[in-house]
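Report on the structure given below.
Computed from the coordinates by the stated procedures, all read-outs in this text should not be read as laboratory data. Computed from a predicted model, the values in this text were never measured in an experiment. Heads up, the Cβs are rebuilt from the backbone with ideal geometry, glycines too, and the neighbour counts pull from every protein chain shown.
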Amino acid sequence: MEFSWKPDVWLVTIPLAFTITGVLSMALGTGSLDLAWAQEPSTGRQESESALPAEQDQDMPAERKPEPGTQPEKPRILPPRLRPKVLTPEEHAEAERLKQLGAMFGTDPTAIVGRVQLSSQYVALSNDARLSDSTLRVDLPYRNNWLLRVDLPFLRWIDPNRMGTTSAEGMSDLAAVAAWRAYNTPEYAVLIGVISTFPTGSDNTLSTGKYNVGPILATARFLPRWQSFLFGVFQHLTSVGGDPARKDIEQTQATLQVNTIWNQRTWTTVQGVLRIDWERHARSGMTLEFEAGRNVIGRWGVYGRPGVGLWGRDVGGGYLWNFEVGVRYIFPSF
């Protein structure tokens, strides 16, 4: 088992991820990189009361709330330019309300909440190939700041131009994330962890044949003028073992997501995903997706997500277009 460490990858990709996040933040009119939440405008959105209804708040499957009167923890690592703004009491209350809704909807990648989610997507690939992917996701939270996530995908693909086998179906590679939320206030949150994939595919054509591991980083903030959340997720996967006859994997993925909560039950998300394949001379690809979802009853939510490939459609994870639907059940942390 060999581990190939490439320092130049990190020197390029980590600054790139933070640069993209900063540029988008300023382009959206959020000012400097001081990572702040802001209060919701008083007009324009339905059901935008300053607090959740009492009956919904009592049954809210979100994160544990801080004790009344306690102060948010102080940033221990962030430099001054990246530290959150000091909010007014009204801004702080509004940020907390929207944060709890994001946790309940399952749209906040830094939230520590439980989840059982079943999703299915149809993917149109290049050269007339097609793929369907049904994935079971389970999030197991522990206390306030720890999370274990497991994704179990079931794939079916058809490629009429492939030599030999032109189709296959069965279980694909299992993916797991172990994460710790290092910093959390209503205005800003940071989650760091490790992502791993395992060659559990029932067929060689459904598996990479490799053990892959790498870091994952997620951040959350609020866009004052747009009354939306800005999420950034960065991850890097490197092959550390497996079948020596199979091709190694080294891929970086950076995701920017703008999530808007329209009322007490409805949300939309616009998401861009940039992928860089370092095993193919840093070839890149990007996809753009739009999600619309609704909390239907209690802790249950449904969503639909169409997407389109912008470039690099033959890079791993890329496509011509796709459409995904899903249902999720959110429950509190232990």
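Taking region 179-197 only, how many residues are assigned to a strand (DSSP E or B) and either on the phi > 0 side of the Ramachandran plot or not polar (S, T, N, Q) (or both)?
13
Surrounded by fewer than 14 Cβ atoms within 10 Å (Cβ to Cβ) and over 24 Å from Glu94 (Cα atoms): does that describe Phe323?
On the way: surrounded by fewer than 14 Cβ atoms within 10 Å (Cβ to Cβ): no; over 24 Å from Glu94 (Cα atoms): yes.
No; evaluated as a whole, the condition is false for this residue.
Given the residues Thr205, Thr200, which is the only one that is more than 17 Å from Asp277 (Cα to Cα), surrounded by fewer than 20 Cβ atoms within 10 Å (Cβ to Cβ) and either touching a residue at least 40 places away in the same chain (Cβ under 8 Å) or in contact with a Cys (Cβ under 7 Å, 6 or more places away or on another chain) (or both)?
Just a single option satisfies the conditions, and that option is Thr205.
Condition first: under 14 Å from Ala95 (Cβ atoms), part of a strand (DSSP E or B) and not aliphatic (A, V, I, L, M). Now tell me which residues in region 198-235 satisfy that.
Arg221, Phe222, Ser228, Phe229 - these are the residues of region 198-235 that are under 14 Å from Ala95 (Cβ atoms), part of a strand (DSSP E or B) and not aliphatic (A, V, I, L, M).
Does Thr238 meet the test of being surrounded by 15 or more Cβ atoms within 10 Å (Cβ to Cβ), part of a strand (DSSP E or B), of a type in the set (Val, Ile, Thr) and over 15 Å from the mean Cα position of the chain (by Cα)?
Judged against the criteria, Thr238 is a match.
Taking Gly170 as meeting all but one of (1) out of contact with any Asp or Glu (no Cβ under 9 Å at 6 or more places or on another chain); (2) in a strand (DSSP E or B); (3) surrounded by fewer than 19 Cβ atoms within 10 Å (Cβ to Cβ), write down the number of the exception.
Result: Gly170 passes all but (1).
Could you list, in sequence order, all residues of region 108-130 that are in contact (Cβ under 8 Å) with a residue 60 or more places away in the chain, buried (at least 16 other Cβ atoms within 10 Å of the Cβ) and within 17 Å of Gly316 (Cβ to Cβ)?
Gln121, Val123, Ala124, Leu125
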